[in-house]
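Following: one structure in structure tokens, then a few remarks.
Taken together, the values in this text are just the output of simple stated rules run on the coordinates, not laboratory data. All figures in this text were calculated on a predicted structure; none of them were measured in a lab.
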Amino acid sequence: MRRIVLATAVAVVLLLGSSASREPDELALVRVLGVDGVSPVVLTAVCGGHDQGDVSRGGCVREDFAQALKDLPWAGEKRKEELSLTSVSYLLVGRDIELEKVLEEVLRSQELGAASTVWLADGSVEQLLSSCEDPASGLSLLVRQGTDAPTAAKTLAALRTDGQVTLPLLGIGENGPELLGEQEWRRVA
């Protein structure tokens with residue numbers, strides 16, 4: 001009986017110790033996800049903002065989008081912060097990506113949603129996102145002002161059915177992302 005109690009106590013201590021070492025101190029909700037490049041792929045994440053408290057950031061560079069998505073949760077600026085992709089509202093893409101492949105991965109992802117809107121950056125997405133404190137608030141303001149950005153699902157559907165999609169084009173403004181107009185993205189044959 002004594003051995004069973006001792007074995008149970010050891011198992012409980014080991015289980016508690018292993019789960020505590022994997023649990024992050026904080027969970028940061030990614031609101032804006034930026035994608036640059038093909039190989040390597042550069043992901044830039046901006047968390048918080050838009051009434052969600054302090055803005056924090058993270059990013060990673062990997063050989064492909066799927067691997068970058070897998071590693072991003074542990075690539076925050078704060079050491080014990082996990083980046084959660086369950087709240088991504090805005091997907092900013094650069095001109096140098098394989099949009100269809102990225103959108104396929106977004107739709108396959110259990111965390112990312114098909115409802116995140118897709119925006120095109122005029123230049124580096126990473127630079128655009130680092131140029132402003134709270135890009136989610138800036139993008140939310142653009143939406144409230146009438147800017148229509150298609151969802152990830154609608155963007156992929158338009159590329160597959162029509163061979164093209166119109167995306168809002170963003171540049172770096174004084175107070176965050178600035179709408180420059182719209183641009184057609186054509187499907188690569």
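General remarks:
- Only lysine pairs 8 or more places apart or on separate chains count here, and in the stretch 50-164 those with Cα atoms under 22 Å apart total 4.
- For the stretch 46-164, convex hull volume per residue from C-alpha positions, Å³: 113 Å³
- Residues whose placed amide H lies under 5 Å from that of S84, excluding near-sequence neighbours: A28, L29, V30
- Under-5 Å amide H pairs with G123, H placed in peptide plane, nonlocal only: R95
- Under-5 Å amide H pairs with G173, H placed in peptide plane, nonlocal only: E178
- Alpha carbon centroid spacing (whole Å) that separates the stretch 61-109 from the stretch 135-168: 18 Å
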